[in-house]
1. When you go through B:Ala239, B:Ala216 one by one, which is the residue that is in a loop (DSSP other than H, G, I, E, B), more than 14 Å from chain A (Cβ to nearest Cβ), under 24 Å from the mean Cα position of the chain (by Cα) and small (Gly, Ala, Ser)?
2. Return yes when A:Tyr88 is surrounded by fewer than 21 Cβ atoms within 10 Å (Cβ to Cβ), more than 14 Å from chain B (Cβ to nearest Cβ), of a type in the set (Ser, Thr, Tyr) and on the phi < 0 side of the Ramachandran plot and no when it is not.
3. In segment B:219-236, which residue that is under 25 Å from B:Ala276 (Cβ atoms) and surrounded by fewer than 21 Cβ atoms within 10 Å (Cβ to Cβ) is nearest to the chain's Cα centre (by Cα)?
4. Of the residues B:Lys541, B:Lys559, which is without any contact (Cβ under 8 Å) to a residue 24 or more places away in the chain and not in a loop (DSSP other than H, G, I, E, B)?
5. Select from segment A:27-50 the residues that are crowded, with 19+ Cβ neighbours inside 10 Å and more than 13 Å from every other protein chain (Cβ to nearest Cβ) and list them in ascending order.
6. Name the residues in segment A:1-46 that are among the small types (Gly, Ala, Ser) and either in contact (Cβ under 8 Å) with a residue 12 or more places away in the chain or closer than 24 Å to B:Pro183 by Cα (or both), would you?
7. Give B:Tyr521, B:Tyr578 a once-over and let me know the one that is surrounded by 18 or more Cβ atoms within 10 Å (Cβ to Cβ), in contact with an Asp or Glu (Cβ under 7 Å, 6 or more places away or on another chain) and hydroxyl-bearing (Ser, Thr, Tyr).
8. Six or more apart or on different chains, Cβ under 9 Å: which pairs go from a residue in segment A:47-58 that's among the hydroxyl-bearing types (Ser, Thr, Tyr) to one that's part of a helix (DSSP H, G or I)? Could you list them?
Amino acid sequence: MIALSETTNNFLYELCKKYRNDAHELINVLHEAQEILGYLPVEVQHKIASELNIPDAKVYGVVTFYSFFTMIPRGKFNISICMGTACYVKGNELILDEFKRRLSIKVGETTKDGIFTLSTLRCVGACSLAPVVSIGDKVFGNVTPLQVKKIIDEYVEKAEEMH
Amino acid sequence: MKVKITIDNIQHSVPRGLTVLEAAHKVGVEIPSLCYMKLHDINIENKPGACRICVVEVKGRKNLVPSCCTEVEDGMDIHTHSLRVINARRTVLELILSNHPAECLTCSKSGNCDLQSMADRLGIREIHYQGEKSVNRKGNSPAISRDPNKCILCRRCEMMCNEVQTVGCLGAVNRGFHSVVTPAFDKDLINSVCTFCGQCVAVCPTGALTEIDETAKVVRALSDPTKTVIVQTAPAVRAALGEEFGNEPGTLVTGKMVAALRRLGFHYVFDTDFAADLTIMEEGTEMLRRLKAHLEGDENVKLPILTSCCPSWVNFFEYQFPDMLDIPSTARSPQQMFGVIAKTYFADLLKIERQNLVVVSIMPCVAKKYERARKEFQQDGNSDVDIVLTTRELGRLIKLCNIDLNALEDEEFDQPMGESTGAGVLFGTTGGVIEAAVRTAYELHTGKPLEKIEFEELRGMDNLREATIDFDGLPIRIGIAHGLGNARKLLEDIRSGKSHFHAIEIMSCPGGCIGGGGQPYHHGHSEILKKRQLSLYSEDKSKTIRKSHENPFIISLYKNFLGAPMSNLAHLLLHTHYFDKKD
């Protein structure tokens, strides 16, 4: 295992302390850790396990069970394509294919420049807008394959601004 | 409180609170089950309701119910073998089998596999379902072999590892079809917190978890004319080996086992019980020294002293309680004491190099395979113990070599390392090490002979036991735990200063070594452990010498070689040190 940086170590220590080092809060702890760190590598899980005084296997079991958690670094922006019934029927598979083609990645992968991660999910509760694509907090409705390039460009620009 | 129920058209009155499965068992109806397992006397139960083999039909309910986790209710009308139930049960099993490697002919669990017997019992002759198969990495270690592709996700191992042993090594990861039981981060067992207690192996219904088979190494060593091959047998082996040859559980086969080992070609057949007597001399002396210093007010001395015979227990505290490494006795386990005396004293007697002496152990344990490979038990790369076979492996080796154990006449162990006392025999059961230690420590401390040699208060199967033994006016408080979860409780008490014991015995496996991970499979029948325990008590009773310090060969070993217990040489050869393995 690689040693965690002091900042990460302290962050995880404080995070677990905030939840009273209570093992029942594991999912909340993982949630916040991923929000700040972007992903949950082995070292982070090990640190959380020892702070909450539970076996590594327990943390690893939870991380691998929920598709929300990831052990590989995510891009700056996570593009989620809804594959719920409504969106699927409205042709979101075509949208997904277009994202895959333009970004040259598969579902679950991150672009080489670290900007985008592509994922699918089941229903965001906006079926009337189907097909739906969500990026961060923003939801795009009634998406057509022609819009895909525009969406990508918009976020590439945002990523540049963030630099 | 009783409830009236009908099972397969016959009315019964059964106690409230039972599950349908238990109630049926009580009235002689054996509903088949796979994931379910209950060891009554030691409070171990696994009922995740995962396999659905035990489904039954309850009149008035739309769905079939899993009998292992459905409680009986008054007026319940239960059918355990209706057409619907039989069809469902067979479909469930066929679906499980559709994702199971059909390797029965070459599987090491063949003949002992619960899944195989279930397929036979339900008369499965064809599997109607074909599809994707799980592909997971297999994992080996010095002691345990893992093949997750043979796993049926019954969760028995997970329950043993987490709830009973509180080791926390094995857990289910991923979900759905991709679920697999593995150590954290898909590491190998050797790089995980695994203690190699082998209780996962003891309860696994299939060939997913087995011991590493080393019988071939023994056959090779025995056929090498340049090697002198000697064998030691642990106390618990003689109480269980007979089961591999169709004998009733609890049948002692000490003499037949010796005869079989001689026929296999071992040059000397010795007894680990001899080394157990040696352990008592060292551990008992250490205990008395610590006690004396404590009574004289020395605050540096740590009490209670903990036994250190069990390699899985040693692993457990090295991983989980590294702040308390100075509490256990430093005495090596009997297996390792035997090995080091064999490779020094006995090799000298035979006038051969240690490289040409092969020491084989027969153990009820898989952790002993790991222990023998520890670096501190080697000299110039040559291990004190070369090969460890479990009781099950010895059974296979005897069969491989065309020996009918049951037809053999009893034979005696060889000397000098085959002479043992009743105290040494007791090492095989929970409470036995401390009983043996008390017999010797009492007499060494008081200088008086014991009036009553059997300590009933230390015996039995309760998870945690305690007793106060009167050392001629000095009350010695003794604790006993078997199962690592119980050991954890005692350790946490010591850490928080609440413990009031002088000495504690700990064995990792429920029941002690008689329930070890290398013993013939108990298939969930805990009464087997009790019978093995009783047979060790009877072997102790049958011995003329029952106290370790009266073993004439131990006395002469100290006189001719070691000097005295805890002498410099004894320290060098018979004691060890522990490591912090937390990170």
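The values are calculated or read from the model by the stated rules, or taken from the named source; none is laboratory data. Bear in mind that the values here come from a model prediction, so they are computed numbers and not experimental data. Quick reminder, even Gly has a Cβ in these numbers, built from the backbone with ideal geometry, and neighbours come from all protein chains shown.
1. The conditions single out B:Ala239.
2. Yes: the conditions hold for A:Tyr88.
3. B:Ala221
4. Answer to the check: B:Lys559.
5. A:Val29, A:Leu30, A:Ala33
6. A:Ala3, A:Ala23, A:Ala33, A:Gly38
7. The match here is B:Tyr578.
8. A:Ser50/A:Asp56
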